[in-house]
Amino acid sequence: VNVYNTVKEPAFPYIDVPEDSWFYDYAFDLYKNNIMTGLDETHFGPEVAMNRAQFAVILHRMTNRPAEDYNLVFPDVLDDFWYSDAIMWASENDIVTGYAHSGTFGPADSVTREQMAVMMYRYANYKDWDVSGTVSLERYPDGGSVSEFAKKAMEWAVGTGIITGEDGKLNPQGRVNRAVCATIMTRMWEVYQ
């Protein structure tokens with residue numbers, strides 16, 4: 001037995017993610033890489049809707065948390081909140097934008113599947129990843145309901161297999177829960193790492 005190269009896996013502390021859960025491996029991979037943590041020390045919150053601030057934090061962590069000075073870009077993102085640095089970084093690098101109608105970011109708003117695709121697509125561009133693998137959304141019965149601002153991003157996310165649909169549909173305006181977010185983020189991680 002080689003005791004010098006033994007790496008012990010961190011313990012997975014979330015009591016609401018049993019080992020036989022369909023998303024266990026995805027949640028655990030993100031946890032051990034310190035990309036996605038729980039709602040508290042013992043709860044992952046798999047069925048809880050992912051909000052826009054949490055998603056910005058995940059992307060920020062995937063980039064090793066680069067520092068960014070605070071600027072009042074969004075009136076609803078103040079300095080020194082747990083998500084302020086992540087949103088400032090994501091805004092500065094054109095990964096996130098606010099709502100066109102209000103100029104706000106909506107940190108507590110549930111992120112939709114198409115919003116998530118757009119942020120991931122912008123992140124992929126920021127990282128200079130190949131985003132040419134796209135497919136038509138016509139094979140999905142609700143492919144035509146993808147908002148215009150998200151069409152290219154959703155074509156990329158589906159084309160790379162990062163988003164595969166739910167029950168044969170894209171559900172572009174549907175909310176993303178934390179279990180689904182962990183799954184989608186792990187797929188992106190696996191495609192590009």
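A few notes on this one:
- Summed over the stretch 59-70, residues that are surrounded by fewer than 22 Cβ atoms within 10 Å (Cβ to Cβ) and under 20 Å from TYR123 (Cβ atoms) total 8.
- Scanning the stretch 135-154 for residues that are more than 18 Å from VAL111 (Cα to Cα) and among the aliphatic types (A, V, I, L, M) turns up VAL135, LEU137.
- Residue list for the stretch 100-111, restricted to those being in a loop (DSSP other than H, G, I, E, B) and either surrounded by 11 or more Cβ atoms within 10 Å (Cβ to Cβ) or hydroxyl-bearing (Ser, Thr, Tyr) (or both): SER102, GLY103, THR104, PHE105, GLY106, PRO107, ALA108, ASP109, VAL111
- In the stretch 112-163, the residues that are closer than 17 Å to THR186 by Cα, open to solvent by 70 Å² or more (accessible area, probe 1.4 Å) and either in contact with a Pro (Cβ under 8 Å, 6 or more places away or on another chain) or among the polar types (S, T, N, Q) (or both): none
- Of all residues assigned to the stretch 165-184, at least one qualifies as being among the polar types (S, T, N, Q), in contact with a strand residue (DSSP E or B) (Cβ under 7 Å, 6 or more places away or on another chain) and open to solvent by less than 50 Å² (accessible area, probe 1.4 Å).
- Restricting attention to the stretch 10-52, the residues that are surrounded by 15 or more Cβ atoms within 10 Å (Cβ to Cβ), of a type in the set (S, T, N, Q) and in contact (Cβ under 8 Å) with a residue 12 or more places away in the chain total 2.
- The single residue among THR97, THR63 that is in contact (Cβ under 8 Å) with a residue 12 or more places away in the chain and on the phi < 0 side of the Ramachandran plot turns out to be THR63.
- Condition check for PHE55: assigned to a loop (DSSP other than H, G, I, E, B), at pLDDT 95 or above and open to solvent by less than 30 Å² (accessible area, probe 1.4 Å): no
The values are calculated or read from the model by the stated rules, or taken from the named source; none is laboratory data. Everything numeric in this text was worked out from a predicted model, so none of it was measured. Cβ sites come from the backbone with ideal geometry, for glycine too, and all protein chains shown count toward neighbours. Each accessible area value is taken on the protein alone, full model and side chains, heavy atoms only, with ligands, DNA and RNA left out. Shrake-Rupley method; radii C 1.70, N 1.55, O 1.52, S 1.80 Å.
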